[in-house]
Amino acid sequence: MIRIISAGPLLAGTLLLAAAAFAQQPTAPTSSAPAAAPALPPGSPLIGRPENNEAAAKLAPVAPPPLATAADKIQVDQLKAPKGFNIELYASGMPNARSLALGDKGTVFVGSRLQDKVYAIVNKNGKREVKVLVSGLYRPNGLAFKNGTLYIAELSQISKIDNVEDKLDSSPKPTVIYSDLPKDEAHGWKFLAIGPDNRLYFNVGAPCNICMPPPTNAQLRNIATDGSDAQVIARGIRQVVGMDFNPASKVLYFTENQRDWLSEDEPQDKLNRLLNPGKDNFGFPYCDGGNIEDPQFGWGHSCSEFTKPVTQLGPHTAPLGMRFYTGHMFPAKYHDAIFIARHGSWNKSNKIGGDIYVVYLNKDGTVKSQETLITGFIQNNNYIGRPADVMNMPDGSMLISDDFNGAVYRVTYGIKTAAER
Amino acid sequence: MRKFFLAIAIGCFTLLPAFAQTVKQRIPACLDCHGENGQSQNPDVPSLGAQQPFYVTVQLLMFREHMRVADSMNDATRGLSDDDLRNLADAVSNLPPPRPPDGPVDEARIERGSALVGQNHCNFCHTPSFTGQQNVPRIADQREDYLIKALRGYKDNSRHGYDGTMAETLASVTDEQILDLAYYIARVK
C-alpha cells in the first residue's frame with residue numbers, strides 16, 4: 001500500500017482511498033488526471049493482462065541473467081535426451097547467446113539480443129576459444145553467413161562484414177546495407193536467414209503483444225545481399241525468431257510466437273510454411289494460433305481467411321530457432337526433420353517448452369508427427385537454461401545456444417562426451 | 001551550477017582506487033558519490049539502498065560494456081570482473097532503503113502522479129510498493145531529480161534499457177507528466 005510522507009492524516013487517508021481505487025481499476029481516469037494516457041503503452045507485454053487476478057499478476061517475461069554462467073555451474077547433466085544422444089558444453093562465457101551462424105572455416109558466430117556483441121567461437125591450436133567479434137551493436141540478434149560474409153541484423157538495420165574469418169582478431173567494423181526498418185523495441189529484434197535464392201530473409205515483428213500493426217510491421221521481408229530490392233514476402237505475422245528452408249522443396253518454414261494473455265492454454269504457437277511468397281497472410285491480429293478468432297480483433301473475421309500453420313507447437317512455448325537436420329550422425333528418422341529450440345513459456349503458470357522439439361514432415365511438406373527430444377531446461381518450474389537456436393555442424397552434430405546461461409551445447413549421437421571418455 | 005555538479009562527479013571518482021580488490025574496499029568509493037548508506041545527497045546521482053541486485057548487476061555490466069554511457073560510471077567499472085559486479089550488486093542491495101525528502105508536499109502533484117502511475121501501470125512491474133523485482137529497479141523514494149533524468153533518458157532513447165520496456169512505456173508520456181511521476185515516486189513508501 002502506498003503511504004504519503006509528510007502529508008496530513010486527512011490527506012493521507014484520501015490518497016489511500018484513491019490509491020485503493022486505482023489498484024482495482026487502474027485505467028479509470030480521474031478529474032485531476034492530466035490528459036488521458038493510453039491504458040498501457042503499445043509495446044507493453046502487459047496489454048491484455050486480466051485485472052485483479054493474482055496468478056496472472058505473478059507472470060512477467062523472464063529476465064535473462066546479464067552475466068554468463070561459469071562453465072562449471074552450467075547443469076548440462078540435467079538435460080535429458082533419448083538413448084544414444086549425448087549433450088556436452090561446447091562453449092560458454094557469451095552472455096545472452098542467441099542466434100548461431102557457421103563460417104566456411106569453422107567459426108561459430110553467436111548473436112545476442114540484450115547485449116551489444118557478436119561473439120565468435122574459434123578453434124585455436126586444437127582449443128576452443130570465445131572472442132568478441134563486434135561490440136557496440138544494438139540488439140544484434142540475427143546472423144547469417146554466406147561466401148565469406150557475415151550478415152548481422154540489429155534492431156533496425158542490417159550490416160555485413162566481408163571476409164569475416166580473416167578478420168577475427170582485428171575488430172572488424174560492419175558495413176550497413178539496409179536500414180529502412182521501424183525502430184520499435186517490442187519484437188524489434190530479428191532473425192536472419194539466407195535463402196537458396198541468395199537473398200536475406202528477416203522478420204519485422206508486431207510492435208506489441210496484440211494490436212493493429214502499422215503497414216511496416218508484422219511481416220517477413222527479403223532483400224538482396226547488397227541491401228537493395230526489399231520485398232515483403234508474407235504478412236499477418238506476430239513475431240518470428242527462427243526460419244529455415246526445406247532442403248528438398250526449398251520452401252521457407254518459420255516458427256511464429258502467438259499472443260499472450262488469452263489464456264493459460266491458448267493460443268498455440270505455430271510452425272508455418274510460405275507456399276505463396278508475397279501473397280500469404282498468416283492471420284495476425286485477427287486469428288490466433290491458426291484456429292481462434294482474436295477476442296478483440298477477430299470480430300467479423302474467420303481463421304479460414306488466412307494461411308493455416310502446418311502444425312501447432314504448444315501454448316506460450318516460444319519456439320525460436322529452427323533448422324532442418326541435414327546431417328547423418330543422428331539416426332535416419334531425424335534426417336530432414338525440423339529441430340526447434342522452444343525457448344519456454346513465461347505467460348503460463350506452469351512453464352512448458354524449454355526444450356528441443358522435433359517435427360517430422362511428409363514428402364509433400366505437411367507434418368507427419370512431432371515430439372520433444374531434449375528436455376530438462378525447466379526444473380521445479382524454473383529455468384536452468386533456455387534454448388534459443390539450433391544449428392547443423394558439418395560432422396552431423398548439432399549446436400544449441402542458451403541465452404539464459406550464455407552458452408552453446410553440442411549434441412552428438414553414438415559418441416561419448418569428453419566426461420564419459 | 002553545471003560546473004558544480006561536474007566538480008562533484010570528478011571529485012568522487014578520482015578517489016576510486018583503480019586496483020581495489022574487494023567489495024569492502026570498493027564500496028566506500030561508491031558511497032562518496034552515492035551517499036552515506038547509499039542515500040545520495042548529490043543532484044542527478046541515484047540512491048542505491050535496497051536496490052534489486054539483479055538490476056544493479058545489469059547496470060554495472062552496461063556501464064562496463066559502455067552500453068550505458070556515463071563517464072564516471074564507465075570509468076568506475078572498467079576492468080571489473082563478472083564476480084566483482086555480482087558482489088557489488090549484493091552489497092548495494094543490503095544497504096538500507098532511501099528516505100523520502102522532508103518538507104511540505106504539493107497535494108495536487110501527488111494526486112496527478114498517483115493517477116499517472118495507475119494509467120501507465122508502473123506498479124505492475126515495479127510492484128505496488130515500487131520496490132521492484134529482478135531487473136526492474138526499486139524506484140520508491142529515489143531522488144526526484146534522478147527519476148526525472150532517468151525517465152527523460154528512456155524517453156529520448158539517450159539511455160538504453162537492458163530491454164526496451166521503458167522506452168516503449170515512456171513513448172506516450174509527456175515531459176510534464178514525467179515531472180509529476182517523479183515527484184510522486186520520490187515520496188512514496
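Nothing in this text is a laboratory measurement; each read-out follows from the coordinates by a stated rule. Remember, it's a predicted structure, so these values are computed and weren't measured experimentally. Because the Cβ atoms are built from the backbone with ideal geometry, glycine has one as well, and the counts that use them run over all protein chains shown.
Just name one of A:H316, A:I210, A:V134: the one whose Cα is farthest towards the positive end of the charge dipole of the protein assembly as shown (beta-carbon charges, Lys/Arg +1, Asp/Glu -1). Final value for the positive-end residue is A:V134.
If R0 is 41 Å, the Cβ-Cβ spacing of A:N163 and B:A171 corresponds to a FRET efficiency of close to 0.55. Mind checking B:99-111 for the average number of partner chain beta-carbons within 10 Å of each residue's beta-carbon? Average per residue, whole number: 4. Annotation: lysines with alpha-carbon distance below 21 angstrom to A:K270 (same-chain offsets under eight excluded): A:K190, A:K250, A:K279, A:K308, A:K348, A:K351, A:K363, A:K368. Taking the average, over residues, of other Cβ atoms within 10 Å as the packing measure, peptides B:152-160, B:117-125 rank B:117-125, B:152-160 from highest down.
Taking amide H positions as modeled 1.01 Å from N, with prolines and chain starts lacking one, no residue 5 or more places away or on another chain lies under 5 Å from A:A60. For the protein assembly as shown, a crude dipole built from +1 on the beta carbon of Lys and Arg and -1 on the beta carbon of Asp and Glu, taken about the Cα centre, is about 960 debye to the nearest 20.
Hey, what did region B:107-185 get for relative contact order, percent, Cα under 8 Å, at least 6 apart?
On the way: 77 pairs, mean separation 30.5, N = 79.
Rounded, it is 39 percent for region B:107-185.
Annotation: amide H of A:A234 within the under-5 Å range of A:L220, A:G278, sequence separation 5 or more or interchain, hydrogens built in the peptide plane. Since only B:T174, B:Q142, B:G118 are under comparison, the one whose Cα sits farthest along the positive direction of the charge dipole of region B:107-185, derived from C-beta charges on Lys, Arg, Asp and Glu, is B:Q142. For A:Q370, the residues whose modelled amide H falls within less than 5 Å of its own, excluding neighbours fewer than 5 places apart on the same chain, are A:Y360. Rounded to the nearest 10 degrees, the inclination of helix A:9-24 to the longest alpha-carbon principal axis of chain A is 50 degrees.
Inside 10 Å of the C-beta atoms of B:156-168, what's the mean count of C-beta atoms belonging to other chains?
Details: counts 0, 2, 0, 0, 4, 2, 6, 10, 12, 9, 2, 7, 12.
Averaged over the peptide's residues, the number is 5.
Keeping to pairs on different chains or 8 or more places apart, tell me how many lysine pairs in region A:68-144 have Cα atoms under 17 Å apart. Walk me through the intermediate numbers first.
Values: A:K105/A:K124; A:K105/A:K127; A:K105/A:K131; A:K117/A:K131.
Total qualifying Lys-Lys pairs in region A:68-144 comes to 4.
Between A:W261 and B:D102, the distance separating the two model label sites (each 7 Å from Cα on the Cα→Cβ line) works out to 4.3 nm.
A protection proxy built from the mean count of other Cβ atoms within 10 Å ranks the segments A:72-78, A:58-64, B:56-62, most packed first, as B:56-62, A:58-64, A:72-78.
The mean number of Cβ atoms from other chains found within 10 Å of a Cβ in peptide A:59-66 is 6, as a whole number. How tilted is helix B:107-120 with respect to the longest principal axis of chain B? Cα atoms for both, answer in degrees (0 to 90, nearest 10). Compared with the principal axis, the helix lies near 80 degrees. Taking the empirical scaling 2.2 N^0.38 Å for compact globular proteins as reference, the protein assembly as shown has a Cα radius of gyration ratio of 0.99.
Normalising by the residue count of chain A, find the relative contact order in percent from Cα pairs under 8 Å and 6+ residues apart.
Averaging sequence separation for qualifying contacts and normalising by length gives 15 percent for chain A.
Just how far, in whole angstrom, is region A:107-146 from region A:286-341 if you go by their alpha carbon centroids? Between the Cα centres of region A:286-341 and region A:107-146 lies a distance of 28 Å. Using Cα atoms only, what is the angle between the long axis of helix B:2-14 and the major principal axis of chain B, expressed in degrees (0 to 90) to the nearest 10? With both axes taken from Cα atoms, the answer is about 40 degrees.
Taking the Cα centre of chain A as the origin and placing charges on Cβ (Lys, Arg +1; Asp, Glu -1), which of A:S263, A:V108, A:V118 is farthest toward the positive end of the dipole? So the residue furthest toward the plus end is A:V108.
Magnitude of the charge dipole for region B:60-137, about its Cα centre and with charges confined to Cβ atoms of Lys, Arg (+1) and Asp, Glu (-1), is about 140 debye. From its DSSP helices (H runs of at least four residues, each -39,500 (n - 2.57)), chain A gives a residue-normalised ellipticity at 222 nm of -1500 deg cm²/dmol.
Normalising by the residue count of chain B, find the relative contact order in percent from Cα pairs under 8 Å and 6+ residues apart. All intermediate terms of the calculation are to be shown ahead of the outcome.
Numbers: 268 pairs, mean separation 41.8, N = 189.
The value is 22 percent.
A Cβ-based charge dipole, computed about the Cα centre of chain B with Lys and Arg at +1 and Asp and Glu at -1, lands at about 220 debye.
What is the calculated FRET efficiency for A:D229 to A:S179, with r their C-beta to C-beta distance and R₀ = 22 Å, to the nearest 0.05? So, using R0 = 22 Å, E works out to roughly 0.90. Each of A:W261, A:W189, A:W299 was scored by other Cβ atoms within 10 Å of its Cβ. Arranged with the fewest first, they read A:W299, A:W261, A:W189.
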